[in-house]
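Structure record follows, encoded as structure tokens.
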Amino acid sequence: TSLTAALTLGALQAEPFQEAKVTRVVNKVSLLPANQDSRSAKIGDAVAGRTGVKTGVDSRAELQFPDQTVTRIGANALFRFEAGGRSMDLEGGTMLFSSPKGIGGGQVQAGAVTAAVKGTSFLISFKLGGEVKVIVLDGKVLVSLTEFPAIRRLIRSGQMVIVPAGATKIPKATRVELKRILETSRLLESGGFDPLFSQSLLDQSANR
């Protein structure tokens, strides 16, 4: 069963994504332009629509869009985005999506999962077996089954939901130790990245 993890959205009038810049490369990161050979990514590279970003073992990358939306891709992941819209694909692995409040958000698809976001930071992972995990760092996420959108559950900051492959309902959200995630995630400062736009809010939530 398909799954949608949708954050409360209001981005329909937002400027579309046309390209992003590579702002961090750790270990092996490759760009896969459509109909071209892959090449190693470097800081400053422009990533246009449908160019894939692929990471190797113990590798990660960061892309920043002109509106300060940031995506970070973990190890052994493949990421693409659609130019002319505000949607992107995670074709395996883990990614972080962070969009400043009021900017416009976007939509992430991970396998059978779609996450529509605005003013929110969250982690989403997709296992090849089909399991989807969403951890909300700040903001809210409305998780629903794509084929049955009325089956949904609102996930808030500091909560996690794991939806197994073939699910017919959304499991209850569980609390996560947000402070520990902030201290250990390889897609946050502990992985060598700069603080997020909403870092002060994240720290306040973790301390609470």
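The values are calculated or read from the model by the stated rules, or taken from the named source; none is laboratory data. Every value quoted in this text rests on a predicted model; they were computed, and no experiment measured them. The protein model used for the area step is the full one, side chains on, heavy atoms only, and it has no ligands, DNA or RNA in it. Shrake-Rupley method; radii C 1.70, N 1.55, O 1.52, S 1.80 Å.
Give me the percent of the accessible area of region 127-173 that comes from carbon and sulfur atoms, probe 1.4 Å, all protein chains in place.
Details: 1410 of 2490 Å².
Exposed carbon and sulfur together represent 57 percent of the surface.
In deg cm²/dmol, rounded to 500, what helix-only [θ] at 222 nm does the chain give when every DSSP H run of at least 4 residues adds -39500 (n - 2.57) and the total is split over its residues? The partial results should precede the final answer.
Working: 2 runs with 16 residues, N = 208.
When only DSSP H runs of four or more count, the value is -2000 deg cm²/dmol.
Region 138-208 and region 76-105 have Cα centres separated by 15 Å. For the cross-link pairs Lys21/Lys127; Lys140/Lys169; Lys21/Lys179; Lys133/Lys172; Lys54/Lys127, the ones whose C-alpha atoms lie over 22 Å apart are Lys21/Lys127; Lys21/Lys179.
Per residue, what accessible area does the chain have, given a 1.4 Å probe and all protein chains present, in Å²?
On a per-residue basis, 48 Å².
Highest mobility in the GNM of the chain, judged by mean-square fluctuation with C-alpha springs under 10 Å and restricted to Asp67, Asp89, Asp58, is found for Asp58. Rg and Dmax, both from the Cα atoms of the chain and both in Å, are 15.8, 49.
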